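Scroll down for the structure; my scribbles are underneath it.
The values are calculated or read from the model by the stated rules, or taken from the named source; none is laboratory data. If you're wondering where the values come from, they're calculated on a predicted model, not measured in any experiment. Backbone-built Cβ (ideal geometry, glycine too); neighbour counts: all protein chains shown. Side chains are part of the model used for accessible areas, which takes the heavy atoms of the whole protein and leaves out ligands, DNA and RNA. Shrake-Rupley method; radii C 1.70, N 1.55, O 1.52, S 1.80 Å.
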Amino acid sequence: MMLRPLFAVIGLLCCTLPAIADGAVQKLITPADKVRLDKYGETRKAALAEAKAGDPAEVKQLDALLAKPLVSFSNKDLTGNWQCRTIKAGGLSPLVIYGWFKCKVTDDGSGWRLEKISGSQRTQGRFFDDSEKRAIYLGSGSVNNDRAKPYGSGPQSDQVGYAFRTGAKEWRIELPAPYYESKLDIIEFKR
């Protein structure tokens, strides 16, 4: 039958593309994380206002990162090894910028998966297309060598955010209202 090879090719193509937010993410996202994304703009604004009271050198780094124009995710492959660091804005401290650690992005056939593989605060999760210049990240945070729980295990480990590309070798994820310490976590990536 001629349709069988056509369906096989279509199936193969679908498996190589990033997951699409049109339905998959809506089935997976928890109600609490949907609220966090709905309040992303106001949470981000409050966190960045608090961050202005941080160390002036770190504020300058944050401002430079956020001033970079966003570029499209289309036709870009994020797979491979990355340097990554976490920036915590607002909350317990106005602004904290950690050092660089190791992260890895893989493609398991259903889309990009992130894993932070060094440092004491870890994350692992999956990306879903949201628009040309933004993806949704659903992940799970863990500490040290504790095994990450599956996404949806509860507010202490669940992570949600938006990913943005800013260049060929740089991008970031903004996680609004994380459970611990800050109002906004930004994970910055570079090669």
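One line per residue, one yes/no per condition, for (1) touching a helix residue (DSSP H, G or I) at 6+ places or on another chain (Cβ under 6 Å); (2) open to solvent by 50 Å² or more (accessible area, probe 1.4 Å):
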| site | (1), (2) |
| --- | --- |
| TRP100 | no, yes |
| GLY109 | yes, no |
| SER118 | no, no |
| LYS133 | no, yes |
| ASP146 | no, yes |
| ALA168 | no, yes |
| LYS190 | no, yes |
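GLN159 - would you say it is within 25 Å of LEU70 (Cβ to Cβ), open to solvent by 20 Å² or more (accessible area, probe 1.4 Å) and among the polar types (S, T, N, Q)? Spell out the reasoning first.
Details: within 25 Å of LEU70 (Cβ to Cβ): yes; open to solvent by 20 Å² or more (accessible area, probe 1.4 Å): yes; among the polar types (S, T, N, Q): yes.
So GLN159 passes the test.
Starting from residues that are in contact with a Gly (Cβ under 8 Å, 6 or more places away or on another chain) and of a type outside the set (Phe, Trp, Tyr), keep the ones in the range 162-183 and report whichever is farthest from GLY91 (Cα to Cα).
Filtering first and then ranking leaves ILE173.
Assuming PHE164 fulfils every condition listed in (1) buried (at least 21 other Cβ atoms within 10 Å of the Cβ); (2) within 11 Å of the chain's Cα centre (by Cα); (3) under 20 Å from ILE97 (Cβ atoms) apart from one, which condition is it?
The failed condition is (1).
Kindly indicate whether any position in the range 22-35 is in a loop (DSSP other than H, G, I, E, B), open to solvent by less than 40 Å² (accessible area, probe 1.4 Å) and within 19 Å of PRO176 (Cβ to Cβ). Lay out the reasoning, then the answer.
Pass one, the range 22-35, residues in a loop (DSSP other than H, G, I, E, B): 22-23, 29-30.
Next, from what is left, pick out any that are open to solvent by less than 40 Å² (accessible area, probe 1.4 Å): 23, 29-30.
The next check asks that each one be within 19 Å of PRO176 (Cβ to Cβ); those that pass are 29-30.
For the range 22-35, residues in a loop (DSSP other than H, G, I, E, B), open to solvent by less than 40 Å² (accessible area, probe 1.4 Å) and within 19 Å of PRO176 (Cβ to Cβ): present.
If a residue must be part of a strand (DSSP E or B) and free of Cβ contacts under 8 Å to residues at least 40 places away in the same chain, how many such residues does the range 174-191 contain?
Of the residues in the range 174-191, 1 are part of a strand (DSSP E or B) and free of Cβ contacts under 8 Å to residues at least 40 places away in the same chain.
Could you say which residue among LEU65, LEU95, LEU78 is of a type outside the set (D, E, K, R), open to solvent by less than 30 Å² (accessible area, probe 1.4 Å) and at pLDDT below 95? Steps first, please.
Working: LEU65 fails: at pLDDT below 95; LEU95 fails: at pLDDT below 95.
After ruling out the rest, the residue left standing is LEU78.
For the range 43-56, check the following and say yes or no: at least one residue is open to solvent by 40 Å² or more (accessible area, probe 1.4 Å), in contact with a Gly (Cβ under 6 Å, 6 or more places away or on another chain) and not aliphatic (A, V, I, L, M).
Within the range 43-56, one or more residues are open to solvent by 40 Å² or more (accessible area, probe 1.4 Å), in contact with a Gly (Cβ under 6 Å, 6 or more places away or on another chain) and not aliphatic (A, V, I, L, M).
Show me the strands (runs of 3 or more DSSP E) found entirely inside the range 75-149 where at least 1 residues are more than 24 Å from ALA177 (Cβ to Cβ) and in contact (Cβ under 8 Å) with a residue 60 or more places away in the chain. Talk me through it step by step, then tell me what you get.
Details: elements: 80-89, 95-97, 101-107, 112-116, 121-131, 134-143.
Here the list reads 80-89, 101-107.
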